[in-house]
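Data first, discussion second: the structure below is written as structure tokens.
The values are calculated or read from the model by the stated rules, or taken from the named source; none is laboratory data. Everything quoted here is computed from the prediction, not taken from an experiment. Note that each Cβ is placed from the backbone with ideal geometry, even for glycine, and that neighbours are counted across all protein chains shown. In case anyone asks, the SASA skips ligands and DNA or RNA and just uses the protein heavy atoms, side chains included. Shrake-Rupley method; radii C 1.70, N 1.55, O 1.52, S 1.80 Å.
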Amino acid sequence: MPYDGLDTWGPTWGPALATLGAILCLAWLPDKPATGGARWARVAAACLTAGLTFRYVIWRVQAVPEARSFLQYTWVVAFLSVEMLNALNGLLNLLFMSRTLDRSSEADAKMHSPLHTAPTDVLIATYNEPRDVLERTIIGAMDIDHPDLRVWVLDDGARDWVRDLAEALGTFYIRRVKGKHAKAGNVNNGLRQLLTVGRPPEFILLLDADFIASRQILRRTLGFFEAEDVGIVQTPQHFFNPDPVQINLACSNIWPDEQRFFFNVMLPCMDAWGAAFCCGTSAVLRVEALQDIGGMATETVTEDMLTSFKMEEFGWRTIFLNERLSLGLAPEGLGEYVTQRSRWCLGAVQQLHTRWSWFGRGRLRTITRLACLSGSLYWIVSFLFRLMMLAGPAVYWWTGTSVIVATNADILYWLVPAVLSSILFMSVYSRNLIIPVMSDITQLVSAVAVIGNVATGLFRPRGQSFKVTPKGVSRDHIVLQWGLIWPFLIIAAATLSGLAINVSASSSLVGGSGYGVNVFWSLFNVVLVSLVCLACIELPRRRTDERFLSNEPGVVIWPNEAVTECVVRDISSGGARLSAPAGADPANLWDTVHAVGHLSLDEGRLKVPFHLLRCQENELIVQFDTTLQVRRALIGRLFGGDYARELERVTMHRVLGMLVNRLLR
């Protein structure tokens, strides 16, 4: 029966306050770094959050308003259906996040594995990347610490300059012309050919053309293959540049890139359940396992995840090592950002039509099927639900159609505990990588494009082209992404105008059930839409090479052999910012009469020529003038594992404060 009052259910605020206390008590229990908290406390927090979600769902399906027309009925049912599917996806996330696994100690124990000398090939799949992007990746691959290594450049664009670059850097080169299945087809073609040349590899390291591997990547991963059923060891994708949302909201020093939650939190949890999967680049694969399944999967545009599922049918498993062992180039513009996520979405939905889906005939474990279902539900309902949440108040103001029958007291009693527990659980166990508002922004930016790809994947899954994310894009001016902004402007205008019309006492909605809730909901949505629009205004990028913070000692050698000690504040493959040591007088140190010099690093083992761009206060800004040999050494040093763009700690109040500041600027 529908719920008809709160009198017999205790104080309205009781469940919310009890939820807050319970989650915080569980979060404050003694922490174990390997698990992100006491194991049983994590399970208890997940169960509590799931229970409160079930509690809300049971009430929610009884709180459906009566519809006066077919259109109203359609909207109410559609909203409820998507909300329930979104709740199911949330419950699946709670299931996976109730456990986690850190394999670093296992990697330490296998540092002297005999497999560290096994023949291994690096495959760099390239299609349309510019020279400087591809050159970094090749140089990094050549610098990997391994005694029996071959590096192959797999060119899917038939470009002569790529062949010449591979030859100049000492790598093997394979060209493919007008091949099928995009990256997967390119890798499969390369694998067939390299197996006929010289000694065959036991393992291959897959790298996208914009990912530079750490020197230690094989020393940290090959030992895991001592377990004879391990087919893939996946490592996380880290980036040396901020993504477009970080740049446009000016929050790259406060908020990490969007992928951090997936790689730092979600994949270790899925690995604990035996449900980790390949994510393409920075993965080491056993050649025998690849041969068993006939090469990389080609049935969807996201070949990586499906490759893991196909391997499972042959008894191979995928594991995840959560260590930063490569650095890649994040999408540099919103167009590229949306293109990348649209492809991931299309692949996840296409997988529903294969035998390796939740409903498919493939020989998969139940937990693997749940992983597939979770991945598909994320793309199908999460983005759509967020857009429907934005549109909800506007529909209410203009049509009088509410999505729920509830008083303010009902909302506090039933909805708030479920939402509060979910926010606290995700915040605590993701280490603030999932927090309100900011996570909404990152999804809404690409929501319209994602929903279009969901429809394509559901109803026309075959024959879709593989859209490569453009890399090496430069922008020197502000760009307004009107194609992304206009849907949100329409929603905001409809919400505000509808609210303005219905504030009058003569409105039939005033005083009705849900009026106050929709006022608050409308104002919150307008703020959220404003932030999404700000995220869609692309700011110019002033540097072509991303710089790493350093603060390491260095020495400047001038043409007259004068030597000046300095501190390297930040450095890139193109230049550096140098400062005088603490307490020194820069006027007596900088020999700025000379416009050129050498920066000596690593106690003289690396000397990089430069010319002076400018001198400001106690700092020198220099641009490097490198030969191929020096550039190769510099790239190996920067991207080989010693530098990173990582936020050690994310705090909710700083992120929310940044958003307020961005709105008011």
Just need a number here: residues in the range 405-434 that are closer than 23 Å to TYR73 by Cβ, open to solvent by less than 50 Å² (accessible area, probe 1.4 Å) and of a type outside the set (A, V, I, L, M, F, W, C). 1
Quick check on the range 222-241. Is at least one of its residues open to solvent by less than 50 Å² (accessible area, probe 1.4 Å), part of a loop (DSSP other than H, G, I, E, B), hydrophobic (A, V, I, L, M, F, W, C) and farther than 24 Å from VAL338 by Cα? yes
Find all pairs meeting these conditions: Cβ atoms under 8 angstrom apart; at least six residues apart or on different chains; first residue within the range 277-293 and part of a strand (DSSP E or B); second residue of a type in the set (Asp, Glu) and open to solvent by 10 Å² or more (accessible area, probe 1.4 Å). ALA283/ASP304; ARG286/GLU202
Scanning the range 610-631 for residues that are within 18 Å of LEU578 (Cα to Cα), in contact (Cβ under 8 Å) with a residue 12 or more places away in the chain and not polar (S, T, N, Q) gives PHE610, HIS611, LEU612, LEU613, CYS615, GLU617, GLU619, LEU620, ILE621, VAL622, PHE624, ASP625
Do the conditions hold for GLN72, that is, is it in contact (Cβ under 8 Å) with a residue 40 or more places away in the chain, open to solvent by 60 Å² or more (accessible area, probe 1.4 Å) and out of contact with any strand residue (DSSP E or B) (no Cβ under 6 Å at 6 or more places or on another chain)? no
Of the residues in the range 144-197, those that are in contact (Cβ under 8 Å) with a residue 12 or more places away in the chain, farther than 24 Å from THR302 by Cα and among the β-branched types (Val, Ile, Thr) come to ILE144, VAL162, THR171, VAL197
Can you find a residue that is modelled with pLDDT under 80 and either over 21 Å from PRO242 (Cα atoms) or surrounded by 19 or more Cβ atoms within 10 Å (Cβ to Cβ) (or both) anywhere in the range 621-634? no
Sole residue being assigned to a loop (DSSP other than H, G, I, E, B) and either modelled with pLDDT of 85 or more or small (Gly, Ala, Ser) (or both), chosen from SER530, SER506, SER497: SER506
Please verify whether TRP358 is closer than 29 Å to VAL245 by Cβ, among the aromatic types (Phe, Trp, Tyr) and open to solvent by 30 Å² or more (accessible area, probe 1.4 Å), treating the condition exactly as stated. no
Cβ pairs under 8 Å, 6+ apart, first in the range 96-118 and more than 11 Å from PHE224 (Cα to Cα), second among the β-branched types (Val, Ile, Thr): MET97/VAL265; SER98/VAL43; ARG99/VAL43; THR100/THR35; THR100/VAL265; ASP102/THR35
Would you be able to tell me the number of residues in the range 295-325 that are part of a loop (DSSP other than H, G, I, E, B), in contact with a helix residue (DSSP H, G or I) (Cβ under 8 Å, 6 or more places away or on another chain) and not β-branched (Val, Ile, Thr)? 11
Report, by residue number, each residue of the range 389-404 that is under 31 Å from the mean Cα position of the chain (by Cα) and open to solvent by 10 Å² or more (accessible area, probe 1.4 Å). MET389, ALA391
Residue match in the range 505-512 (condition: open to solvent by less than 30 Å² (accessible area, probe 1.4 Å) and touching a Gly at 6+ places or on another chain (Cβ under 8 Å)): yes
May I ask you to list the residues in the range 190-202 that are more than 15 Å from GLY295 (Cβ to Cβ) and touching an Asp or Glu at 6+ places or on another chain (Cβ under 9 Å)? ARG199, GLU202
When every residue in the range 42-63 that is aliphatic (A, V, I, L, M) and touching a Pro at 6+ places or on another chain (Cβ under 9 Å) is compared, the one modelled with the lowest pLDDT is ALA63
Does the range 642-651 contain at least one residue that is at pLDDT 90 or above, open to solvent by less than 30 Å² (accessible area, probe 1.4 Å) and within 26 Å of ASP143 (Cβ to Cβ)? no
Yes or no: the range 121-142 includes at least one residue that is touching a Leu at 6+ places or on another chain (Cβ under 6 Å), more than 23 Å from LEU48 (Cα to Cα) and without any contact (Cβ under 8 Å) to a residue 40 or more places away in the chain. yes
For the range 340-351, does any single residue satisfy the condition of being of a type in the set (Phe, Trp, Tyr) and in contact with a helix residue (DSSP H, G or I) (Cβ under 6 Å, 6 or more places away or on another chain)? no
For the range 632-658, the count of residues that are touching a residue at least 60 places away in the same chain (Cβ under 8 Å) and part of a helix (DSSP H, G or I) equals 13
Condition first: over 27 Å from THR221 (Cβ atoms), outside any loop (DSSP other than H, G, I, E, B) and either at pLDDT 95 or above or of a type outside the set (Ser, Thr, Tyr) (or both). Can you find one or more residues in the range 140-147 that meet it? no
Got at least one residue in the range 321-332 being touching a residue at least 24 places away in the same chain (Cβ under 8 Å), in contact with a Leu (Cβ under 7 Å, 6 or more places away or on another chain) and crowded, with 24+ Cβ neighbours inside 10 Å? no
Tally of residues being β-branched (Val, Ile, Thr) and either within 17 Å of the chain's Cα centre (by Cα) or closer than 20 Å to CYS536 by Cβ (or both) across the range 337-356: 2
